[in-house]
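The values are calculated or read from the model by the stated rules, or taken from the named source; none is laboratory data. None of these values were measured; they are calculated from a predicted model. A quick note on method: Cβ atoms are made from the backbone with ideal geometry, for glycine too, and the neighbour counts reach across all protein chains shown.
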Amino acid sequence: MKLKESDRAKVQDWLNKHWMGQKHCPICGNNNWTISDTIYEFRPFLRGGIAVGGGAVIPTVVVTCNYCGNTLFFNAIKLDVVKVPKQKEGEDNAKS
């Protein structure tokens with residue numbers, strides 16, 4: 001899913017507010033980062049298989065050091081760029 005410009009600004013604001021201290025890369029010491037234009041997702045590792053539905057998926061914003069490639073992952077829900085769908089009343093997440 002593409003990250004909208006308004007959401008990119010939310011990510012930048014969140015990082016500015018929460019990333020304490022120097023924003024230098026812990027690997028190379030550079031201070032030049034890029035926020036990916038795509039929201040990715042993490043899924044459980046299944047040894048090469050793929051789970052379709054029913055499992056937890058974590059939407060993720062990727063921030064990468066432009067010098068060494070060190071990559072940081074941030075939960076897109078916590079960054080407020082992905083909304084968790086509201087559960088309908090009487091609906092249960094557990095499958096029988």
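One table, with the values for the structure above:
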item: Any hit, the stretch 11-30, residues being of a type outside the set (Ser, Thr, Tyr), farther than 17 Å from residue 71 by Cα, part of a loop (DSSP other than H, G, I, E, B) and at pLDDT 90 or above; result: no
item: Pairs where the first residue, in the stretch 20-44, is of a type in the set (Lys, Arg) and the second is in a loop (DSSP other than H, G, I, E, B), C-beta under 8 Å, 6+ apart; result: 23/31; 43/50; 43/51; 43/55; 43/56; 43/57
item: Residue check, residue 68 at pLDDT 95 or above, surrounded by 10 or more Cβ atoms within 10 Å (Cβ to Cβ), in a loop (DSSP other than H, G, I, E, B) and in contact with a strand residue (DSSP E or B) (Cβ under 7 Å, 6 or more places away or on another chain); result: no
item: Of all residues making up the stretch 36-69, the number that are closer than 19 Å to residue 14 by Cβ and in contact with a Phe, Trp or Tyr (Cβ under 9 Å, 6 or more places away or on another chain); result: 10
item: Test set (1) part of a strand (DSSP E or B); (2) among the β-branched types (Val, Ile, Thr); (3) touching a Cys at 6+ places or on another chain (Cβ under 9 Å) - residue 38 fails condition number; result: (3)
